[in-house]
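The values are calculated or read from the model by the stated rules, or taken from the named source; none is laboratory data. The structure displayed is predicted, hence computed values, not measured ones. Cβ sites come from the backbone with ideal geometry, for glycine too, and all protein chains shown count toward neighbours. Accessible surface is based on the protein model in full, side chains and every heavy atom, while ligands, DNA and RNA are left aside. Shrake-Rupley method; radii C 1.70, N 1.55, O 1.52, S 1.80 Å.
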Amino acid sequence: MSYLIVKRSCNRFSHLDFSKFQNFLSLNQNHKVLVSGLPSVLTKTIKNPSWSYFSVSKYHKFSHLSGKDKVLASGFGVLKSLFSTQAAVELSTSDGLTIDGIVASNWTILDESESDWKSHAAAIAQSIQVIKRRLQWKKLMVRLDLLSAQLNNPDLWDDPVHAGKISREHGSLMAKMKEVKALERELLEHIDMIKLAREEDDTELESETLKALLWMRRNSNEKELEALLSGEQDSCSCYIEVQGGAGGTESMDWAKMVMQMYKSWAQHHGYGVTVVDEMPGEIAGIKRATIKVDGEYAFGYAKAEVGVHRLVRISPFDSGKRRHTSFAAVAVIPILGDGSTRVQINESDLRIERFRAGGAGGQHVNTTESAVRIVHIPSGITATCQNERSQHMNKASAMAVLQSRLDQLEMARQAQINAQHTQSLTDIGWGNQIRSYVLHPYRMVKDLRTNYEVSDPDSVLEGEIDGFILSYLSASLDKDKDCP
Amino acid sequence: MKLGLSRACLYSCSCAPIFSSSMPSLTTIKPKIPVFLRPPTYLVTSLDLQKWHGWAKNLASSVGSSLVESDNGPDSTLLCREINWLLEDSLENRSSSSRFSFSQYKYDTSGKNESVMLRISLDDLYQLWKQRIEERRPFQYIVGCEHWRDLVLSVQEGVLIPRPETELIVDLVHDVVSNYEELGQGMWADVGTGSGAIAIGIRRIFGSYARVIATDLSPVAVSVATFNVQRYGLQDVIEVRQGSWFEPLKDVEGQLVGIVSNPPYIPSDNISGLQAEVGRHEPRVALDGGASGMDYLLHLCNGAAAMLKPGGFFAFETNGEKQCEFLIDYMQNDIAGSFCNLNIVSDFAGIQRFVTGFRQ
Ligand SMILES: C[S@@+](CC[C@H](N)C(=O)[O-])C[C@H]1O[C@@H](n2cnc3c(N)ncnc32)[C@H](O)[C@@H]1O
């Protein structure tokens with residue numbers, strides 16, 4: 001079987017692109033590893049689509065394994081009928097371990113840097129499962145069986161148009177299925193290899209296989225993320241808006257902390273962050289604020305944050321040192337790309353207001369205040385920008401916000417759904433709590449939708465929220481599964 | 001409504017330049033370099049900077065809304081934003097300024113003391129902020145620049161700080177050249193150019209053949225405008241000339257396709273009551289439009305009739321509704337036949353601010 005591996009790798013060899021290989025390395029050095037407890041999904045500084053790295057890891061494995069003459073005794077070798085889906089065949093290692101078996105074993109997933117094959121394998125298996133969920137695996141298999149049956153029917157080609165359609169759909173589903181199967185097979189091969197290496201005390205082979213597993217782990221992570229972020233607007237930049245709830249200064253301070261959390265999160269990911277609008281509280285914090293988060297997939301991730309965030313702590317603003325509960329609402333608006341159909345805005349529907357318009361203006365006044373508010377008269381939607389240093393730039397920024405708000409409204413209208421992430425701040429009911437941050441009497445941040453929790457609130461408030469985001473996104477996949 | 005002065009008088013006063021013959025020669029005035037363009041040569045610790053920041057914020061807060069009440073000056077919220085901008089301009093890495101303010105809370109808790117490179121000394125920072133609060137020195141003179149449209153223009157004492165209202169003149173010109181393309185290819189003039197704001201703003205929307213001549217009487221304005229024109233690499237297409245209104249433009253009489261201007265238009269009596277930043281620090285020659293404020297506007301109307309080609313466009317900024325209406329009336333009646341399609345355009349505050357029209 002090692003012959004097979006080598007042969008497959010040789011084919012890849014001709015596609016080798018070294019610059020990608022280096023990219024991959026540097027990309028991964030930036031990755032931050034998450035708090036445990038979640039599929040080892042990496043935080044991704046998504047600059048390059050990940051599928052292209054796949055062959056690179058193969059090459060890597062090849063470079064380490066070639067020249068080895070170990071023989072793998074694995075149980076593959078499936079005989080295929082012409083249009084078999086292989087659905088019935090569950091792949092396993094030579095000693096019968098399957099992918100589901102790995103997941104069921106609940107091996108602890110450790111940090112990537114730990115050279116523990118079980119941890120790598122468990123992480124990869126989880127990624128594969130997410131990918132399968134995204135593909136709606138069971139349905140896909142049923143559909144493939146159906147299509148195969150039709151293709152095997154000799155009368156099919158009596159209607160060539162229909163036959164062509166069936167055959168194309170079959171081909172595309174087959175490709176998806178095979179890709180997953182290939183991942184599964186690769187993982188199982190690695191496991192066989194590592195067991196063999198241990199049996200024979202071949203430390204070199206063991207460490208090489210471990211490395212190969214690590215590459216694979218990173219790769220399947222990338223694929224997993226792609227599976228999680230495949231919504232139509234996911235790749236867009238976005239605005240994040242935060243508004244303090246009732247409760248005065250304490251809530252405004254909390255709103256500021258939440259906004260700070262997103263600023264740090266976005267900066268860690270290499271996203272551009274610009275404050276578009278900020279209404280400071282009288283004593284501390286912010287009444288509301290809008291930031292723009294620029295970069296690929298910003299919306300895909302941030303949409304997981306929409307809803308009300310709750311804080312419990314001893315208020316620093318209460319001289320009686322009592323415990324307070326505060327709320328902050330978060331809305332996320334995608335910034336549609338140029339390719340999307342955007343709402344046409346008529347200049348004549350706009351009222352543009354300048355703040356502090358009092359007095360004669362013009363040469364009489366010198367002010368650095370250049371805030372601009374734009375009202376879209378037909379919808380009543382407004383947008384404000386005050387953080388640029390010129391009125392012109394504030395107007396441009398406010399127009400962009402207005403455009404996105406109108407697009408969002410239109411999307412919600414067209415979809416006739418009120419999907420959470422298309423809600424504006426004003427639509428978000430204060431009852432819609434998604435996460436609770438407790439600083440006192442115990443310390444814990446818990447997502448009320450997924451029950452994902454972290455016992456170190458400081459790290460979360462410093463922007464380490466990927467665990468929450470990813471667990472929510474993968475939980476949403478399961479929800480989607482029930483929809484047609 | 002009619003303003004108090006007879007038009008004949010208005011017209012005759014305006015011909016005489018305010019400065020008399022002995023103007024300093026151009027080469028003697030070197031424009032000041034705005035803070036954000038200076039080399040970062042001052043090493044300070046983040047703790048010291050933090051200390052300054054705290055001090056500056058305190059000073060800003062002590063102002064409350066007292067200045068708003070006294071002369072429509074800045075309130076403490078605005079001043080605090082200016083502090084951030086001053087830091088933004090002074091810090092070596094402009095983008096790090098945002099990080100600086102983001103991570104303040106970290107500085108406080110960790111007590112970490114990093115060193116930071118500044119473009120001005122810490123002493124200067126203290127000095128400048130004191131001037132801002134105590135002397136009401138305009139923020140834009142402190143940092144030496146004004147963000148205007150998408151431009152960052154150098155400004156200094158002796159030159160008017162371009163106003164946000166004036167940004168609209170560029171939009172007006174933009175609309176006109178989109179409708180009449182040939183206007184975007186000819187020769188334009190911005191008279192009383194100050195920092196060069198309008199000249200630079202409009203030149204950037206024109207086609208490659210268009211030229212703009214920018215004039216100003218003030219030698220400081222001429223040298224600052226020249227600096228700004230060069231900074232935007234427009235020295236081949238914008239020419240800055242010194243002199244009174246159309247005097248330096250005799251060679252192009254009747255050839256201009258467009259004239260824009262924001263001449264001084266504040267009535268002389270109002271000068272003493274101006275907001276401190278304006279009245280105490282900005283040049284009177286850039287503000288005082290004579291008894292009615294209309295001296296130069298009327299001079300420009302008359303001059304424009306001679307300078308513009310038929311079909312040529314003009315846009316003038318005014319003090320508001322009264323001046324707009326007066327100008328329209330003047331052009332329709334007193335110099336009837338010179339201009340057509342006269343229009344009044346309001347600014348964002350809803351004040352009738354601009355008069356536009358075409359040479360017949
Ligand atoms: C209100 S400022 C406008 C400056 C600039 N165009 C702007 O909008 O920011 C008026 C300008 O007219 C200039 N000025 C005053 N008297 C002048 C004259 N007789 N000839 C030419 N320019 C003059 C002043 O120096 C000043 O720069």
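Hey, B:Val278 hits all of (1) under 28 Å from A:Ile352 (Cα atoms); (2) within 13 Å of the ligand (Cβ to nearest atom); (3) not in a helix (DSSP H, G or I) but one; which does it fall short on?
For B:Val278, the exception is condition (3).
Select from segment A:376-423 the residues that are crowded, with 17+ Cβ neighbours inside 10 Å and at pLDDT below 75 and list them in ascending order.
Scanning segment A:376-423 gives A:Ala412, A:Gln420, A:His421, A:Thr422, A:Gln423.
Restricting attention to segment B:136-162, which residues are over 23 Å from B:Ala60 (Cβ atoms), within 11 Å of the ligand (Cβ to nearest atom) and within 8 Å of chain A (Cβ to nearest Cβ)?
B:Trp148, B:Leu160
With respect to B:Gly233, determine if the residue is open to solvent by 40 Å² or more (accessible area, probe 1.4 Å), part of a loop (DSSP other than H, G, I, E, B) and either near the ligand (Cβ under 9 Å from one of its atoms) or on the phi > 0 side of the Ramachandran plot (or both). Reasoning before the result, please.
Numbers: open to solvent by 40 Å² or more (accessible area, probe 1.4 Å): yes; part of a loop (DSSP other than H, G, I, E, B): yes; either near the ligand (Cβ under 9 Å from one of its atoms) or on the phi > 0 side of the Ramachandran plot (or both): yes.
The answer is yes for B:Gly233.
In segment B:247-264, which residues are more than 9 Å from the ligand (Cβ to nearest atom) and within 24 Å of B:Tyr180 (Cβ to Cβ)?
Taking segment B:247-264 as the starting set, the residues that turn out to be more than 9 Å from the ligand (Cβ to nearest atom) are B:249-259.
Within segment B:247-264, B:Leu249, B:Val252, B:Glu253, B:Gly254, B:Gln255, B:Leu256, B:Val257, B:Gly258, B:Ile259 meet the criteria.
Restricting to segment A:357-406, and then to whatever is of a type in the set (D, E, K, R) and not in a loop (DSSP other than H, G, I, E, B), can you tell me which residue is farthest from the other protein chains (Cβ to nearest Cβ)? If you could, list the steps in order and put the result at the bottom.
Initially, segment A:357-406 is screened for residues of a type in the set (D, E, K, R), giving A:369, A:373, A:388-389, A:395, A:405.
This time we only want the ones that are not in a loop (DSSP other than H, G, I, E, B), so: A:373, A:395, A:405.
Details: A:Arg373: 9, A:Lys395: 8, A:Arg405: 20 Å.
Per the criteria, the residue is A:Arg405.
Take A:Glu353 and decide whether it is over 30 Å from B:Gly273 (Cβ atoms) and acidic (Asp, Glu). Break it down stepwise before answering.
Details: over 30 Å from B:Gly273 (Cβ atoms): no; acidic (Asp, Glu): yes.
Taking the combined requirement at face value, the residue does not satisfy it.
Any idea which residue in segment B:193-208 is nearest to the ligand (Cβ to nearest atom), counting only those that are closer than 14 Å to B:Trp148 by Cα and not β-branched (Val, Ile, Thr)?
B:Gly194
A:Ile166 versus (1) assigned to a helix (DSSP H, G or I); (2) closer than 21 Å to A:Leu97 by Cα; (3) in contact with a Leu (Cβ under 7 Å, 6 or more places away or on another chain): which is the lone unmet condition?
(2)
When you check A:Gly231 against the structure, is it under 17 Å from the mean Cα position of the chain (by Cα), in contact (Cβ under 8 Å) with a residue 24 or more places away in the chain and away from every other protein chain (no Cβ under 14 Å), yes or no? I'd like the intermediate steps shown before the answer.
Working: under 17 Å from the mean Cα position of the chain (by Cα): yes; in contact (Cβ under 8 Å) with a residue 24 or more places away in the chain: yes; away from every other protein chain (no Cβ under 14 Å): yes.
Answer is yes for this residue.
For segment A:222-250, name all the residues that are on the phi > 0 side of the Ramachandran plot and in a helix (DSSP H, G or I). Break it down stepwise before answering.
Restricting attention to segment A:222-250, the residues satisfying the condition of being on the phi > 0 side of the Ramachandran plot are A:247-248.
Across segment A:222-250, the qualifying residue is only A:Gly248.
Just to be sure, is B:Val229 of a type outside the set (S, T, N, Q), in contact with a helix residue (DSSP H, G or I) (Cβ under 7 Å, 6 or more places away or on another chain) and more than 23 Å from B:Thr318 (Cα to Cα)?
On the way: of a type outside the set (S, T, N, Q): yes; in contact with a helix residue (DSSP H, G or I) (Cβ under 7 Å, 6 or more places away or on another chain): yes; more than 23 Å from B:Thr318 (Cα to Cα): yes.
Criteria met by B:Val229.
Could you give every pair whose Cβ atoms fall below 7 Å, whose first residue belongs to segment B:46-70 and is assigned by TED's automatic domain parsing to the domain that holds B:Leu86, and whose second residue is open to solvent by 40 Å² or more (accessible area, probe 1.4 Å) and at pLDDT 95 or above, counting only separations of at least 6 or pairs across chains?
So the pair list comes out as B:Trp52/B:Tyr126.
Residues A:Ser474, A:Ser436, A:Ser459: which one is surrounded by fewer than 20 Cβ atoms within 10 Å (Cβ to Cβ), at pLDDT 70 or above and not in a strand (DSSP E or B)?
Values: A:Ser474 fails: surrounded by fewer than 20 Cβ atoms within 10 Å (Cβ to Cβ); A:Ser436 fails: not in a strand (DSSP E or B).
Matching residue, one of A:Ser474, A:Ser436, A:Ser459: A:Ser459.
Test A:Arg288 against the stated conditions and say whether it is open to solvent by 10 Å² or more (accessible area, probe 1.4 Å) and either in contact (Cβ under 8 Å) with a residue 40 or more places away in the chain or not assigned by TED's automatic domain parsing to the domain that holds A:Arg443 (or both). Before you say what the answer is, go through the steps one by one.
Working: open to solvent by 10 Å² or more (accessible area, probe 1.4 Å): yes; either in contact (Cβ under 8 Å) with a residue 40 or more places away in the chain or not assigned by TED's automatic domain parsing to the domain that holds A:Arg443 (or both): yes.
Yes; evaluated as a whole, the condition is true for this residue.
Out of everything in segment A:345-356 that is among the charged types (D, E, K, R) and more than 7 Å from chain B (Cβ to nearest Cβ), what residue ends up being least open to solvent (accessible area, probe 1.4 Å)? Break it down into steps so the answer makes sense when it comes.
Of segment A:345-356, the ones among the charged types (D, E, K, R) are A:347, A:349, A:351, A:353-354, A:356.
Still in the running and more than 7 Å from chain B (Cβ to nearest Cβ): A:347, A:349, A:351, A:356.
Values: A:Glu347: 122, A:Asp349: 45, A:Arg351: 112, A:Arg356: 82 Å².
Among those that are among the charged types (D, E, K, R) and more than 7 Å from chain B (Cβ to nearest Cβ), it is A:Asp349.
Could you tell me how many of the residues in segment B:285-301 are away from every other protein chain (no Cβ under 11 Å) and either within 14 Å of the ligand (Cβ to nearest atom) or crowded, with 22+ Cβ neighbours inside 10 Å (or both)? Give the derivation first.
Kept after step one, since they are away from every other protein chain (no Cβ under 11 Å), are these residues of segment B:285-301: B:285, B:290-292, B:294-301.
When the remaining residues are screened for being either within 14 Å of the ligand (Cβ to nearest atom) or crowded, with 22+ Cβ neighbours inside 10 Å (or both), the result is B:285, B:290, B:292, B:294-301.
Total satisfying the criteria: 11.
Identify, from the list B:Asp216, B:Asp269, the residue that is open to solvent by 20 Å² or more (accessible area, probe 1.4 Å), within 14 Å of the ligand (Cβ to nearest atom) and at pLDDT 95 or above. Step through it out loud before you land on a result.
On the way: B:Asp269 fails: within 14 Å of the ligand (Cβ to nearest atom).
Checking each option against the conditions leaves just B:Asp216.
Pairs, please: C-beta under 9 Å, at least 6 apart or cross-chain, first residue touching a residue at least 12 places away in the same chain (Cβ under 8 Å) and in segment A:117-141, second outside any helix (DSSP H, G or I) and of a type in the set (Asp, Glu)?
Sorted first by the residue in segment A:117-141, then by its partner, the pairs are A:Ser119/A:Asp111; A:Ser119/A:Glu112; A:His120/A:Glu112; A:His120/A:Glu114; A:Ala123/A:Glu112.
Identify all residues within segment B:163-192 that are open to solvent by 10 Å² or more (accessible area, probe 1.4 Å) and near the ligand (Cβ under 8 Å from one of its atoms); write none if there are none.
The one that is open to solvent by 10 Å² or more (accessible area, probe 1.4 Å) and near the ligand (Cβ under 8 Å from one of its atoms): B:Gly192.
Within segment B:38-62, how many residues turn out to be outside any loop (DSSP other than H, G, I, E, B), within 17 Å of B:Ile120 (Cα to Cα) and open to solvent by less than 50 Å² (accessible area, probe 1.4 Å)?
Number satisfying all stated conditions: 8.
I'm trying to understand the selection: among the residues of segment A:161-192, which are open to solvent by 60 Å² or more (accessible area, probe 1.4 Å) and more than 26 Å from the chain's Cα centre (by Cα)?
Answer for segment A:161-192, where residues must be open to solvent by 60 Å² or more (accessible area, probe 1.4 Å) and more than 26 Å from the chain's Cα centre (by Cα): A:Val161, A:His162, A:Lys165, A:Arg168, A:Glu169.
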